[in-house]
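The values are calculated or read from the model by the stated rules, or taken from the named source; none is laboratory data. Small disclaimer: the values here were computed from a predicted structure and weren't measured. Neighbour counts run over all protein chains shown; Cβ positions are idealised from the backbone, glycine included. For the accessible areas, the whole protein counts, side chains as well, though only heavy atoms, and no ligand, DNA or RNA atoms are used. Shrake-Rupley method; radii C 1.70, N 1.55, O 1.52, S 1.80 Å.
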Amino acid sequence: WGDETVLAELRSKRRNANTYAKVSKGMQDRGYNRDAQQCRVKIKELRQAYQRTRDANGRSGSAPQTCRFYDELHAILGGAASTDPPMWYDSVCGSSETTEEHFQGE
């Protein structure tokens, strides 16, 4: 899901069944059994949690808030151009690696 091409597809299309199928396939390649519908629901929930937290933190006078995986979600959804390579984040194991590290073994 953190791959820029997948994010671009999700942003540019209305019907994303094939994109969620790609995410599901990626999960299966990593040993997780998630179908496209489960991936769609989870991505939607994570995106909404990130947006609610970001909106709350944008209001003046409010106490800083966070949500589970905020830093990882910010890396994926933050939208800021970066010179750092894209990150893969395994939320089940809590590990991350750059795209280059991810593909070295393949």
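Restricting to region 1-31, what's the tally of residues that are without any contact (Cβ under 8 Å) to a residue 60 or more places away in the chain and assigned to a helix (DSSP H, G or I)?
Within region 1-31, residues that are without any contact (Cβ under 8 Å) to a residue 60 or more places away in the chain and assigned to a helix (DSSP H, G or I) number 20.
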Restricting region 35-49 to residues that are touching a helix residue (DSSP H, G or I) at 6+ places or on another chain (Cβ under 6 Å) and over 24 Å from residue 78 (Cβ atoms), the one least open to solvent (accessible area, probe 1.4 Å) turns out to be 36
Among (1) over 25 Å from residue 67 (Cβ atoms); (2) part of a loop (DSSP other than H, G, I, E, B), the one test that residue 34 misses: (1)
Would you be able to say whether some residue in region 41-56 is among the hydrophobic types (A, V, I, L, M, F, W, C) and in contact with a Cys (Cβ under 7 Å, 6 or more places away or on another chain)? yes
